[in-house]
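J.: Here's a structure for you.
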Amino acid sequence: MTGRDDERVRPVRITPCPDGPLLVRGPVEVVGADGVPVPARRRTVALCRCGGTAAPPWCDGTHKVNGFRTADPEPEVQAGRPGATVER
Amino acid sequence: MTVQLSPAHVAGPQSSMPLPTPRGPVGEALLRLLTGAVTDPAALHDAVAATLAAPAGSWLEHDDVQVALTCMYELHYRGLDGVDDDWEWQPDVLAARAALERVVESELRERVTVAVPQETSAAAVAAALFALASSDDGPSMSRWIARRAQREHLAELLVHRSVYQLKEADPHTWAVPRLGGAPKVALVEIQSDEYGAGDPERQHAALFAQAMRGLGLDDTYGRYVDHVPAITLAHPNVMSMFGLHRRLRGAIAGHLAAFEMTSSVPNRLYGNGMRRVGLGADVTEYFDEHVEADAVHEQIAGRDLAGRLVEQDPTLGADVVWGAAACLALDGWWAGHVLGCWEADASSLRLALT
């Protein structure tokens, strides 16, 4: 099985990084408010959640300098198939 | 699916490294041996023994030792122009390298000390590494570049960085077969991105070569080794040492984590400095790419690579944090040299750029 086939059956995994972005692993398409897909240049992407990024919707590391803090601990989320599971 | 072959230059430099100019007796004896000018290794052993017997300051700033190490390590990468590949595993060269590595590692162990992490969960290790990276008080090259750099400073910056960036990611790749499970998968996930994720033109080394050409520099692999001081060579040399020794697999994992954690914000500043002096996307693409890429990589490297590695084997915790601290220290010492020269209106290079 190739990696590409593998992606079709594996759920998308979203990891909330402490004090940082949402790390998204899996085949997702991010679209802007206008419905136009935002080109992603890598398989695993980090979505900004501190609001400070200069490259939305992607994380650019700004959370490290603007004091962004998240609740602790947070669940890791798997989505993309019926009955999405929540780990931990 | 159609595979389109790219022109050679975008696929990344393929050639071996031009022979560097030795900066002392060790390098001279080494290159005479490697090029076949002599066959007796005694002169190399004598030169190493004599040099190590008379320490003159930091081995990381010792030009002869760092150039010799650069040549020795290069045998494991692309090779040296005109040097037989069989030298890679030649026992006399390996023995000489081991002797030089001992003093380099021992100096680093002495100068870079960090507390052994008490908590060995992946999350705790990642948090400790992020805290280490954010508390780094080394001189800020990126802020200087963003605010003050002129074109000639940017050219010098790329010349220094080219020693490593034209083989970007390669030293950490040595760790792949030395790891298992989650840390191995995390490292490969990062490296895949570094190597273009299936697109030769997106290899970070290829993007760096493009930036060099955009600034009128020669992107030939190893072209500027003679131009840079020992402290510039020391960092890639230490990466190779960490990567090539299974014993130091914790250090190379920690090194990568620190490298990624101090990349996205500085690279945005580098890009801003370059735009400020009117450089175009061909030059800034490499830096802009790293803003997003390393915001992903730092999370994977901190938790899934370094963190899970320590979870698997808590005895590696000390070296993971030490490798990270060594990365920050080497970068700081290098930046101190370069900014010191620039503040004094001097070049930070040994040879003028022509």
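The values are calculated or read from the model by the stated rules, or taken from the named source; none is laboratory data. Computed from a predicted model, the values in this text were never measured in an experiment. Backbone-built Cβ (ideal geometry, glycine too); neighbour counts: all protein chains shown. Note: areas computed on protein heavy atoms with side chains; ligands, DNA, RNA excluded. Shrake-Rupley method; radii C 1.70, N 1.55, O 1.52, S 1.80 Å.
J.: Probe radius 1.4 Å, ligands and nucleic acids left out: can you give me the accessible area buried at the B-A interface, summed over both chains, in Å² to the nearest hundred? Write down the numbers at each step before the final one.
T.: Working: alone 14560 and 6360 Å², together 19200 Å².
What B and A bury together is about 1700 Å².
J.: Heavy atoms only, 1.4 Å probe, whole protein assembly: order B:101, B:110, B:88 by accessible area, highest first.
T.: B:110, B:88, B:101
J.: Please work out how much accessible surface residue B:137 shows to a 1.4 Å probe, ignoring ligands, DNA and RNA, in Å² rounded to 10.
T.: Solvent-accessible area, nearest 10 Å²: 140 Å².
J.: Over chain B, what relative contact order in percent results from Cα pairs under 8 Å that are six or more residues apart?
T.: Values: 510 pairs, mean separation 91.8, N = 354.
Reported relative contact order: 26 percent.
J.: Give me the one-decimal Kirkwood hydrodynamic radius in Å for region B:122-343, with the sum taken over alpha-carbon pairs. Intermediate results must be reported in sequence, preceding the final value.
T.: Working: mean 1/r = 0.0575 Å⁻¹.
Hydrodynamic radius (Kirkwood, Cα pairs) of region B:122-343 is 17.4 Å.
J.: From largest accessible area down, sort B:303, A:41; use a 1.4 Å probe on the protein chains.
T.: Working: B:303 40, A:41 125 Å².
Per-residue accessible area, sorted high to low, gives A:41, B:303.
J.: Residue B:39: accessible area at probe 1.4 Å, nearest 10 Å²?
T.: Accessible area of residue B:39: about 130 Å².
J.: Quote the charge dipole size of chain B about the Cα centre in Debye, to the nearest 20; the model charges only the Cβ of Lys and Arg (+1) and of Asp and Glu (-1). Could you put the intermediate results ahead of the total?
T.: On the way: 27 positive and 47 negative charges, 95 e Å.
With only Lys, Arg, Asp and Glu charged at Cβ, the dipole is about 460 debye.
J.: Now a separate question. Count the net charge of all other residues whose Cβ sits under 12 Å from the Cβ of residue B:188, scoring Lys and Arg as +1 and Asp and Glu as -1.
T.: On the way: positive: A:43, B:184; negative: B:189, B:193, B:194, B:304.
Surrounding charge for residue B:188 is -2.
J.: Also: What net charge do the residues around residue B:232 carry, taking every other residue with its C-beta under 12 Å from that of residue B:232, with Lys and Arg at +1 and Asp and Glu at -1? Don't jump to the answer; show the numbers that get you there.
T.: On the way: positive: B:161, B:350; negative: B:61, B:63, B:156, B:226, B:331.
That works out to -3.
J.: Where Rh denotes the Kirkwood radius from the mean inverse Cα pair distance, what is Rg over Rh for region B:1-150?
T.: On the way: Rg = 20.8 Å, Rh = 19.0 Å.
In region B:1-150, Rg relative to Rh is 1.09.
J.: Cα centroid distance between region B:153-212 and region B:63-111, in Å?
T.: If we compute the Cα centre of each part, the gap is 21 Å.
J.: Next question. As an exercise, use a Förster radius of 41 Å and the Cβ-Cβ distance of residue A:74 and residue B:76 to find the FRET efficiency, rounded to the nearest 0.05. Numbers along the way, then the final one.
T.: Details: r = 42 Å, r/R0 = 1.03.
Rounded to the nearest 0.05, the efficiency is 0.45.
J.: Cα-based Rg (one decimal) and Dmax (whole number) for the protein assembly as shown, in Å?
T.: Answer for the protein assembly as shown, Rg first and Dmax second: 22.1, 72 Å.
J.: Read phi for every residue in region B:20-33 and hand back ³J(HN,Hα) as whole Hz from Karplus 6.51 cos²θ - 1.76 cosθ + 1.60, θ = phi - 60°, with x for Gly and Pro.
T.: x, 7, x, 10, x, x, 5, x, 5, 5, 5, 5, 4, 5
J.: Taking only C-alpha pairs under 8 Å that are 6+ residues apart, what is the relative contact order of region B:124-243 in percent?
T.: On the way: 78 pairs, mean separation 38.6, N = 120.
Normalised by residue count, the contact order of region B:124-243 is 32 percent.
J.: Taking N as the number of residues in region B:142-224, what is its alpha-carbon radius of gyration divided by 2.2 N^0.38 Å? Numbers along the way, then the final one.
T.: Values: Rg = 15.2 Å, N = 83, 2.2 N^0.38 = 11.8 Å.
Rg over 2.2 N^0.38 Å, computed on Cα atoms: 1.29.
J.: Summarise the accessible area of chain B (1.4 Å probe, protein heavy atoms) by the percent that is carbon and sulfur. Please report the intermediate quantities before stating the final value.
T.: Details: 7280 of 13700 Å².
The nonpolar share, carbon plus sulfur, comes to 53 percent.
J.: Relative contact order for region B:208-354: what percent, with Cα pairs under 8 Å and sequence separation of 6 or more? Walk me through the intermediate numbers first.
T.: Numbers: 143 pairs, mean separation 52.0, N = 147.
Once normalised by length, the contact order is 35 percent.
J.: 5 Å is the cut-off here: which amide hydrogens, built 1.01 Å from N in the peptide plane, fall below it relative to residue A:58, excluding neighbours closer than 5 in sequence?
T.: For residue A:58, whose amide H was placed from the backbone, the distant partners under 5 Å are A:48.
J.: Which whole-number value in Å² is the accessible area per residue of chain B, probe 1.4 Å? List each step's numbers first, then the result.
T.: Numbers: 13700 Å² over 354 residues.
Dividing the accessible area of chain B by its residue count gives 39 Å².
J.: Same structure, new question: If the only charges are +1 at each Lys and Arg Cβ and -1 at each Asp and Glu Cβ, what is the size of the charge dipole of the protein assembly as shown around the Cα centre, to the nearest 20 debye? All intermediate terms of the calculation are to be shown ahead of the outcome.
T.: Numbers: 40 positive and 58 negative charges, 192 e Å.
It works out to roughly 920 debye.
J.: Output ³J(HN,Hα) for region B:272-279: one whole-Hz value per residue in order, computed from phi by the Karplus curve 6.51 cos²θ - 1.76 cosθ + 1.60 with θ = phi - 60°, and x for Gly and Pro.
T.: Result, ordered by residue: 4, x, 5, 5, 4, 8, x, 7 Hz.
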